[in-house]
1. Can you list which of the chymotrypsin sites (Phe, Trp or Tyr not before Pro) found in region A:119-184 are DSSP loop residues with at most 13 other C-beta atoms within 10 Å?
2. Please compute one quarter of the surface area of the Cα convex hull for the protein assembly as shown and express it in square nanometres.
3. Among A:Gly122, A:Gly236, A:Gly186, whose mean-square fluctuation peaks in a Gaussian network model of chain A (Cα, cutoff 10 Å)?
4. Please give the calculated 222 nm ellipticity per residue for chain B, where each DSSP H segment of at least 4 residues contributes -39500 (n - 2.57) and the sum is spread over every residue; nearest 500 deg cm²/dmol?
5. Counting other Cβ atoms within 10 Å, which GluC sites (Glu not before Pro) in region B:81-119 have at most 13 and lie in a DSSP loop?
6. To the nearest whole number, what is the average tally of beta carbon atoms from other chains within 10 Å of the beta carbons of peptide B:87-96?
7. For B:43-49, what's the mean count of beta carbons from other chains sitting within 10 Å of each residue's beta carbon?
8. Using the structure shown, list the pairs from A:Lys88/B:Lys15; B:Lys211/B:Lys289; B:Lys15/B:Lys44; B:Lys216/B:Lys252; A:Lys88/B:Lys211; B:Lys44/B:Lys216 with a Cα-Cα distance above 25 Å, or answer none.
Amino acid sequence: MTAHEKWIALQTIATREILRFTRIWVQTILPPVITTALYFIIFGNLIGPRIGEMEGFGYMEFIIPGLIMMAVITNSYSNVVSSFYGSKFQRHIEEMLISPVPNYIILIGFLTGGVARGLMVGIAVTSVSLLFNPLNIHSLPVMLSMIILTAVLFSLAGLINGVYANSFDDISIIPTFVLTPLTYLGGVFYSINMLPDIWQSASLVNPILYMVNAFRYGFLGISDISLVVSYGISIGFIVVLYVFSLYLLRKGQGIRT
Amino acid sequence: MTDALAIKDLRKTYKGGHEALKGISLEVKQGDFFALLGPNGAGKTTMIGIITSLVNKTSGSVSIYGHDLETDPSAAKAFLGLVPQEFNFNMFDPVIEVVANQAGYYGIERKQAFQRAEQQLKRLDLWDKRRVMARSLSGGMKRRLMIARALVHRPRLLILDEPTAGVDIEIRRSMWKYLREINAAGTTIILTTHYLEEAESLCRNIAILDKGDLIKNTSTRELLNTLHMETFILDIESPITRLPATEIHRMKLVDENTIEAEVCRDDSVNELFAFLSGAGIKVLSMRNKTNRLEELFMTLVENGNESRAHP
């Protein structure tokens, strides 16, 4: 395959993936927007004023970046895991496997879908947040780069889950029992400076903490963690998961007998 | 001329130890219409799975138009089109996108992909359904959709794994016609089927697999020439209660209006008719009891089973 043909194949997979979730936007885009709006109303508007300031910012202002990030994480992950598992379940992954399209193009195609959905939901949630609080941006490059890196990372994680999944139950176990707890404990609703030392240290093993904090830095200019460490951890995870995903596709794990 | 498909010592052992292919070697010439036959579990689908990169081989090699599938997969796969046994398209995609996306995976520009999809869908009478979700198609339409999808990138080697299973006779005949046209235009076709009449009618060469072994690989004509005896069913005009005595012809009375007669290849059917006519029996119609290839197929597979049981 020439480079141009590979580019067309990538466009095809990416377009198919984006059409897949936009056609069912009521199931994919709308629910996270409604859920996050409820968080804004309950935690930001109703409970927030009683909590007071967090790291020098109003509670609503503090939690907005974390809630956007939570929506991006959940949606980029669930897009790829459900799409990849669906293509295994219906066996239309075979359409790509018999074609000359290389594994890394298949991988990037699925990631593009996950990142696109993550960003689309992120934009929608940010727009809703404007109803509650004006948008403050401290560093647009940090904000944008961190949201993209996060979407890529969790799209990769979703793909790996999709590769190993053998049933529809398998695609909901990780989001329910791993992803959601890590996100809630990842500094979305609080600063880890509030925690006792032992729990502060324990929080540092949670990769989501680094992404939420770096993203919050992009909005508010504050972070519990060094930006360099946050970028290092995010990029490191991406490289490891990308190589592992490619290895799984090459091996045919779960898709070839 | 390079073979369209060359398989050497292909072996596949599944986890758990089941040996699905036991060292198959096979060549299919360019332009051939080739049948791959065998009972259920013979290894046909495993073999096709390996050729199409859906099954990992244990050992051996597969080469498509001279390109090794392991060392030069991109070039090898570009020649190949597959119509699988089971539906494997996204049921929630519109019909035209199922076909156009497949073209995209082969690097065909979006605009051209849709033009080619249109050609194929029109040819296979699916154009009216282009915007409906694939899952709403009938079984026969889904089969035709898979043919359209397999042909959209104009493969030079088309593999069809039981393409006419479960489709009515009218659609089957129209599929045969289209496959003959494609083959005449230069596409090599490999067909697996349980309808042996289909293989006899379409294919010039036949390979028979049984329990992972290649038990026959020859031309259809040669294979049929090995058939020594044919069984005919004769419908007669007037009912009879017993057959006329004969030491030459082997016959039995199925019912009072039907005779079953075995005729050796070397004997003329005319002799049988002359005998019956002499006995005052008028034959209204005659047909083969089973398809000729079916008789041979059963003999070969049964012989294979016997030799395995008593080596």
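1. Values: sites: A:Phe132, A:Phe154, A:Tyr164, A:Phe168, A:Phe177, A:Tyr184; in loops: A:Phe132, A:Phe168.
Sites meeting the loop and neighbour criteria: A:Phe168.
2. Numbers: hull surface 139.2 nm².
Taking a quarter of the hull surface, the average projection is 34.8 nm².
3. Largest GNM mean-square fluctuation: A:Gly236.
4. Values: 10 runs with 109 residues, N = 311.
Result for chain B: -10500 deg cm²/dmol, rounded to the nearest 500.
5. Numbers: sites: B:Glu86, B:Glu97, B:Glu109, B:Glu118; in loops: B:Glu86, B:Glu109.
For GluC sites (Glu not before Pro) across region B:81-119 that sit outside H, G, I, E and B with at most 13 neighbouring Cβ atoms in 10 Å, the list reads B:Glu86.
6. On the way: counts 3, 8, 5, 10, 3, 6, 6, 2, 0, 0.
For this peptide, the per-residue mean of nearby foreign Cβ atoms is 4.
7. Details: counts 0, 0, 0, 1, 0, 0, 4.
Mean shielding by partner chains, rounded to a whole number: 1.
8. Working: A:Lys88/B:Lys15 20 Å; B:Lys211/B:Lys289 27 Å; B:Lys15/B:Lys44 18 Å; B:Lys216/B:Lys252 32 Å; A:Lys88/B:Lys211 28 Å; B:Lys44/B:Lys216 13 Å.
Check vs 25 Å cut-off fails for B:Lys211/B:Lys289; B:Lys216/B:Lys252; A:Lys88/B:Lys211.
Each reported figure results from applying straightforward, stated rules to the coordinates on display, with no laboratory input. Quick caveat, the model's predicted, so the values are computed rather than measured. Virtual Cβ from ideal backbone geometry, glycine too; neighbours counted across all protein chains shown.
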